[in-house]
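So the structure is just underneath, and the comments pick up after that.
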Amino acid sequence: MDGHRPPFTLESTQEKIRLAEDVWNSRNPECVSLAYTHDSFWRNRGEFIVGRDEAILLVIKRLLGVTPSSNQRDPKSDHQILPMRREK
């Protein structure tokens, strides 16, 4: 791998992370959802979400601290929500 370098630097990576954190910390579901494609496929525990509209609803629920299964307030409402990559 001599001479091969990734197409990013430490600084550019830190900036991208900072921007992503700023969007999530804005607590604005529409802004958060713009980071994902219209046909993105998410898995959040037992929930499967397809597309931005469903992603917005999921983010709103998580910001309100509502659990997916019971629609009750979750005392641990800071769970990380990760998009799942679609198999090709």
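The values are calculated or read from the model by the stated rules, or taken from the named source; none is laboratory data. Keep in mind it's a predicted model, so treat the numbers as computed, not measured. Methodologically, a virtual Cβ is constructed for each residue, glycine included, from the backbone with ideal geometry; neighbour enumeration extends over all protein chains shown.
Data table
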read-out	value
Hits in the stretch 1-33 (condition: surrounded by 13 or more Cβ atoms within 10 Å (Cβ to Cβ), aliphatic (A, V, I, L, M) and without any contact (Cβ under 8 Å) to a residue 24 or more places away in the chain)	V23
Search result, residues across the stretch 39-88 that are charged (D, E, K, R), modelled with pLDDT of 60 or more and part of a loop (DSSP other than H, G, I, E, B)	D39, R45
Qualifying residues in the stretch 11-38 (those that are polar (S, T, N, Q) and assigned to a helix (DSSP H, G or I)) - the one farthest from G65 (Cα to Cα)	S12
